[in-house]
Amino acid sequence: MTENDPKPKIGASRRDFLRGSSLAAATAVLTQQVQAEVAAEAANLQAADAKMLSGEVSLSLDVNGKAMTCTVEPRSTLLDTLRDRLDVTGPKRVCDRASCGACTTIVDGAPIYSCTTLAVSCSGKKIETLESFDTGERGVPHAFHQHDGLMCGYCTPGFVTACKAMLDTNPSPTLEEVRKGLDGNICRCGTYVGVLEAALAAAKAMKGA
Amino acid sequence: MAGWPESPRLIGTEIPRLDGLAKASGRAKYPSDMNPPGLLHGAMLWSPHAHAKIKSIDLTPAEKSPGVKAVVGVMKEGATVRYQGEVIAAVAAETEEKARDAVRAIKIEFEVLPHVVTEAQAMDPKSPEVFKGRGLANNTRKGNVQKNGDPEGGLEKADVKIEGHYSAPVITHVCLEPHGLTAKWDGPDKLTAWASTQAVQVTANELAGRFEIPATNVTVLTDVMGGGFGSKFGADLWGLLAAELSKKADGKPVKMFLDRAHEHLAAGNRPSAFAHVRLGATKDGKITGMIAETHGTGGASGGANFPLPYVYLVENRSRSHSDVFVNGGGARAMRAPGHPQGCIIMEAAMDDLADALGMDPLEFRLKNLGERDVVNQGGAPAPINRTKVYQDQVRIGAELIGWAKRKPRGTNGAGPIKKGYGMALHQWGGGGAPDKQVECMINPDGSVEVRSATQDIGTGARTILAIIAAEVLGLEVKEITSNIGNSTFKPGQASGGSTTTPSMSPPCYNAVLAARAELFEKIAPKLGAEPGDLSLAKGQVLVKGEAKMSWKDACRQLGMVPITTLGKFTPGLSANGVGGCQFAEVDVDVETGVVKVVKIVAVQDSGLIIDKMTWNSQVYGGIIGGLNYGLFEERVMDPTTGVMLNADMELYKLAGASDIPEIVVRAYETEEMKARGVIGIGEPPTIATAAAIGNAVTNAVGVRVPHWPMSPMNVLNALASNQGKA
């Protein structure tokens, strides 16, 4: 340290810490930790018989109970694979980075943003889109229709899917729980009033009330 | 022609939309869902810079990129790009991933030029003039002063005056389905496009013009579409590029839709509004004069003007408006273009003057409506004085929000959470165009179809035509096929200006009335009756009120030939000119600046309502759009780099389910209003919300929050500024 350097405040800042003699030691510790983690991960991958994918790969997916096959790239998202390769166009691409929920798809029972899920990671999993939902009076789509929980309808597949996934885990939600359950979705037409009514009505209908 | 039925069975009731289940079950096919055989995917190279000259561009690497079938250059070497997002080239490839790779492979060098991206930056005399040759100074086009009466004299006569600076930022449309279309050539001069558009025929004509083929050879299809809000009226450059790429790729279909960032940058926005307002009134609350200087930016293309004064009668007034040009994507019409801005500026000034007068802002507003504000009737029976309508609406709204609980500005208790109430008035046209047509077909099997080249952008237009047909024919709504979204049909209205329903309802009604008359002519002899004795109800043909034959049997009498009629517009079935008022109740935390909207009340007239369910949805939606404008939305530009900082959907904030307050909608639907006929509702209810919220926040915190949105930053800045801390 020279005289012109600002005086350190009481206690050492992170910058002072790194700047000081302990820098080399700290780096060594971090490096050792990282090396250990990398080694562990590599061992895990080997045990799982993982392989590096590149170029185009053939992929079989279980979509709505049907085995569907297509060619994808490892970087292809589940959403683009469903929409472009398999013509399953219910889920929509809107923000393409997991902020609006229009792409919501149920994978192994849990709702996910299919725009930020790699298709190759869904092999062997059960993929459900809203096309497979009950369209009868006890289904979520019917409730959205009857309560006008949609206008242009482009966010609707995401809301319907998120709603179905929520009701599967919480069949009797309060209004506040419905709001929280659907907070991962955005509607631009402003159809929320109908959406909230529809979700509550769907909860009742699914129980046969 | 006849007026609307006096005691309708269906019109005015709540009817779920015809395409609702298809949309809610993922079965509706949007233009962006179309995957015709052989489909290629398009992608575009757009400028990453706000202002730059293209030093060199080489498309060859894209052409050689795997899977690429066509490449089209838009801008050549030496060309100048004027905003981030301006399109430079386009490619079509076998997959979207490959198309994007090809775009990345394009070799391009820019000479980055100085930019201006905010209003302040553009108007700063030290900033560069980036729009040369447009006759601008400081990147600004000064408008003429519009003057009425004696504004200076009026302000001198005032007992109380206020002076305010108010503003609202640029916001973007954020249509959830991006702009774009899928184009496909069938032979050298026949083109089909599935387009996400608010105007199938405008889009078809643009495509026909660009490729110099007969308009009849172009078919634009829009069965459903994912939102437009005023930004989707044509083919757009990307639509033309899709068709050009398809042509180059031997007619294979090409799908070209914008990505989310590009949507924010290049697919339209609502211009900003900045105002310096002086407003004065006598001590009994009559406005004496107003002087307003305003500016705003519509990006690189101008068009930022807005109505001011707004709603209220200001005889002595002057207004000058300047358009500021910035290196940003061009403005487009957005839900009630100009009105939300005019409403914010006017209603903020009205509230501030009421506060300075020590008057209830509601009473102050009522005192300053013109004595008579007669709106265009479009042939409706009796003139409407909108001032009387406003007086009624304000009374109803005040009761519903609990206006009596409102306290004067800044007297909302000592705790950190302050409650406030605010209100605002708005107006809109919403009349019908007189040149649209609807066809009606009654088939021998009893099926009925109405068709026209309009489209349903989510408003319920498809359902409305079916309701009208079912009403006239005594059938159920679901028994009617409403066939729209096809440019080759008879001329239909573009979906803008809240004009679709008032334009399409009269020709639809007339077409179905004519079809019914023809049916009666044909079957009356078989029933041994006069056509005038026949009527229809509950799927039956009645003779002098007695059911004689089922609808299906009656249609079977037509033999092989269906009835086909054409309906045109007749005056008297629709009208123009609506008013409305909205009230907001908010809780504001003055320590964090966070605003929670507790309740919104909207009272709105729109003549005769056809479907109360979709009408309500439109009003709720308008309010929620206004809530977004009032609380969250703002395009954030970085003056240093010239790029938009929130071209996404996490930092570009929009309301989610937890942000939605209690919303009370009241249709102002008196017999007098119903007699006016049909008026559009898409735009009016989105106008006043942001203004009412801003006034409620100001009432709560005790100082004017002059800049929208009512974000924590703007609220805290206003509070700090009042304490001399800004």
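Only the coordinates and a few stated rules stand behind these numbers; no lab work does. Just so you know, these numbers come straight off a predicted model, no measurement behind them. With ideal geometry, Cβ positions are generated from the backbone for all residues, glycine too; neighbour counts draw on all protein chains shown.
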Review point. For B:Asp659, B:Asp33, what ranking results if the residue with the fewest other Cβ atoms within 10 Å of its Cβ goes first?
Key: B:Asp659, B:Asp33
Review point. Can you give the mean number of other chain Cβ atoms that lie within 10 Å of the Cβ atoms in peptide A:101-108?
Key: 1
Exercise for review: Hey, for a label at B:Thr60 modelled as a point 7 Å past Cα toward Cβ, could you say which residues of segment B:100-138 have their backbone N under 12 Å away?
Suggested key: B:107
Review point. Given a cut-off of 20 Å, what percent of all Cα-Cα pairs of segment B:547-687 lie beyond it?
Key: 65 percent
Review point. What FRET efficiency, computed as 1/(1 + (r/R0)^6) with R0 = 51 Å and r the Cβ-Cβ distance, is obtained for A:Val57 and B:Thr564, rounded to the nearest 0.05?
Key: 0.40
Practice item. Ignore the peptide's own chain and count Cβ atoms of other chains within 10 Å of each Cβ in B:225-232; give me the average, rounded. Key: 3
Revision key, fill the gap. Largest-first semi-axes in Å of the equivalent ellipsoid built from the Cα gyration tensor of segment B:527-585 are 40, 17, 13
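Compute and list, largest first, the equivalent-ellipsoid semi-axes of segment A:27-182 from the alpha carbon gyration tensor, each √(5λ) rounded to a whole angstrom.
34, 20, 14
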Check your understanding: What is the local net charge at B:Arg17, summed over the other residues whose Cβ is closer than 9 Å to its Cβ (Lys, Arg +1; Asp, Glu -1)?
Key -> -2
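May I ask you to give the average projected area over all directions of the convex hull of the Cα atoms of segment A:167-207, in nm² rounded to one decimal?
Values: hull surface 11.3 nm².
Computing the convex hull of the Cα atoms and averaging its projections yields 2.8 nm².
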Check your understanding: Which of the peptides B:352-359, B:207-214 is most tightly packed, and how do the rest follow, judged by the mean count of other Cβ atoms within 10 Å per residue?
Key -> B:352-359, B:207-214
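Looking only at Cα atoms, what is the convex hull volume of the protein assembly as shown per residue, in Å³?
Values: hull volume 202.9 nm³, N = 935.
Per-residue hull volume (Cα only) is 217 Å³.
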Study note, to complete from the structure: Given all pairs of distinct Cα atoms, segment B:80-216 yields a Kirkwood Rh in Å of 21.4 Å
**Study point:** Cα-centred dipole magnitude for segment B:205-304, charges only on beta-carbon of K, R (+1) and D, E (-1), debye, nearest 20
**Key:** 260 debye
Point to revise | Residue-averaged beta-carbon neighbours from other chains (10 angstrom radius) around B:642-653 | key: 2
Exercise for review: For the pairs A:Lys164/B:Lys552; B:Lys53/B:Lys184; A:Lys51/B:Lys98, note any where the Cα-Cα span goes beyond 29 Å.
Suggested key: A:Lys164/B:Lys552; B:Lys53/B:Lys184
Practice item. Quote the charge dipole size of segment B:68-208 about the Cα centre in Debye, to the nearest 20; the model charges only the Cβ of Lys and Arg (+1) and of Asp and Glu (-1). Key: 300 debye
**Study point:** For segment B:85-145, with +1 on Lys and Arg beta carbons and -1 on Asp and Glu, the positive-most of B:Val117, B:Val145, B:Gly135 along the dipole
**Key:** B:Val145
Review point. Over all pairs of distinct alpha carbons, what does the Kirkwood formula give as the hydrodynamic radius of segment B:401-487, in Å?
Key: 17.5 Å
Review point. What is the local net charge at A:Lys164, summed over the other residues whose Cβ is closer than 11 Å to its Cβ (Lys, Arg +1; Asp, Glu -1)?
Key: -3
Exercise for review: Would you compute, for the Cα atoms of segment B:27-81, the largest minus smallest coordinate along each principal axis and list the three values in descending order, in whole Å?
Suggested key: 46, 27, 14
Exercise for review: Kindly give Rg over Rh for segment B:621-712, based on alpha-carbon atoms, with the Kirkwood expression for the hydrodynamic radius.
Suggested key: 1.09
Check your understanding: Based on Cβ point charges of +1 for Lys and Arg and -1 for Asp and Glu, what charge dipole magnitude is obtained for chain B about its Cα centre, in debye rounded to the nearest 20?
Key -> 240 debye
Practice item. Mind checking the full-extension length gain between B:Arg395 and B:Thr641? Use 0.36 nm per residue of separation minus the Cα-Cα distance, one decimal, nm. Key: 83.5 nm
Exercise for review: Quote the Stokes-Einstein diffusion coefficient, in whole µm² s⁻¹, for segment B:209-293, based on the Kirkwood radius over alpha carbon pairs, a temperature of 25 °C and a viscosity of 0.890 mPa s.
Suggested key: 139 µm²/s
Exercise for review: Pairs to check: B:Lys596/B:Lys653; B:Lys157/B:Lys367; B:Lys544/B:Lys674; B:Lys29/B:Lys568; B:Lys161/B:Lys388; A:Lys126/A:Lys207. Give those whose C-alpha atoms are more than 20 Å from each other in this structure.
Suggested key: B:Lys544/B:Lys674; B:Lys29/B:Lys568; B:Lys161/B:Lys388; A:Lys126/A:Lys207
Point to revise | Order of B:Lys388, B:Lys552 - criterion: other Cβ atoms within 10 Å of each residue's Cβ, fewest first | key: B:Lys552, B:Lys388
Point to revise | At 1.002 mPa s and 20 °C, Stokes diffusion of segment B:302-457 via Kirkwood alpha-carbon radius, µm² per second | key: 107 µm²/s
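Find the Rg to Rh ratio for segment A:95-181, where Rh is the Kirkwood radius over alpha-carbon pairs and Rg uses the same atoms.
Checking Rg against Rh, the ratio lands at 0.96.
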Exercise for review: Identify the residues of segment A:191-209 with backbone N under 16 Å of a label point that sits 7 angstrom from the Cα of A:Asn170 along the Cα-to-Cβ direction, or state none.
Suggested key: A:196-204
Practice item. Just order B:709-721, B:293-305 by mean Cβ neighbour count inside 10 Å, highest at the front, would you? Key: B:293-305, B:709-721
Review point. What residue among B:Met346, B:Thr387, B:Gly298 has its Cα farthest toward the positive end of the dipole of segment B:297-446, where the charges are +1 on Lys, Arg and -1 on Asp, Glu, each on the Cβ?
Key: B:Met346
Point to revise | Shape of chain B, Cα gyration tensor, a/c cut at 1.5 | key: oblate
Exercise for review: Let me have the 222 nm mean residue ellipticity of chain B computed from DSSP H runs of 4+ only, each contributing -39500 (n - 2.57), with the sum over all residues rounded to the nearest 500.
Suggested key: -8000 deg cm²/dmol
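Would you mind ranking A:Cys115, A:Cys70 so that the residue whose beta carbon has the fewest other beta carbons within 10 Å leads the list? Intermediate results must be reported in sequence, preceding the final value.
Values: A:Cys115 24, A:Cys70 17.
By the 10 Å Cβ count, ascending, the order reads A:Cys70, A:Cys115.
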Exercise for review: Note the full-extension length gain between B:Ala414 and B:Glu662 as 0.36 nm times their separation in residues minus their Cα-Cα distance, in nm to one decimal.
Suggested key: 86.7 nm
Revision key, fill the gap. Per the rule of 0.36 nm per residue minus the C-alpha distance, extending B:Glu14 to B:Lys478 adds in nm 165.7 nm
Study note, to complete from the structure: For segment B:39-160, the Kirkwood Rh over every pair of distinct alpha carbons, in Å, works out to 17.6 Å
Exercise for review: Obtain the radius of gyration and the Kirkwood radius of segment B:421-568 from its C-alpha atoms and give Rg over Rh.
Suggested key: 1.08
**Study point:** Positive-end residue of B:Asn486, B:Trp46, B:Asn269, charge dipole of the protein assembly as shown with Cβ unit charges
**Key:** B:Asn269
